[in-house]
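A short worksheet on the structure shown next.
The values are calculated or read from the model by the stated rules, or taken from the named source; none is laboratory data. Note that the structure is predicted; figures quoted are calculated from it, not measured. Every residue, glycine as well, gets a Cβ built from its backbone with ideal geometry; the counts of neighbours run over all protein chains shown.
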Amino acid sequence: MAGYGAYSVGWALVDLVRGARLELWADLALILFGLLLMLSAAFVRVMLPGGIAFALGSLLGLQALAIHNAAHLTGGVALAPQLARGLFAVALLGLAWSASRPARSD
């Protein structure tokens, strides 16, 4: 999760420095949600209650911005990349949830 958040922040910063192809608010929102995802990754790691919900909110925000950015940068929204990004987010949440479950003693 921290890597995905860092990627989002880095991508938005590069877009701002290189000459924004997106609106300023979209780049700033990417930075915000990326930072929130990195923070929530730490919360998930220490198993803080609500950490997974916090990560879910950040991932949903990044997904919404990905749809917005695809519409502006490519002129349309392709289904496959959005599904791949969504499945990646679901996989991250699944890993976080399974790691938070107490170990079973058989």
If you take just the helices (runs of 4 or more DSSP H) that sit entirely in region 1-103, which of them hold at least 3 residues that are modelled with pLDDT under 90? 51-73, 79-100
Top-ranked residue of region 85-106 - restricted to ones that are small (Gly, Ala, Ser) and surrounded by fewer than 14 Cβ atoms within 10 Å (Cβ to Cβ), ranked as farthest from GLY51 (Cα to Cα): SER105
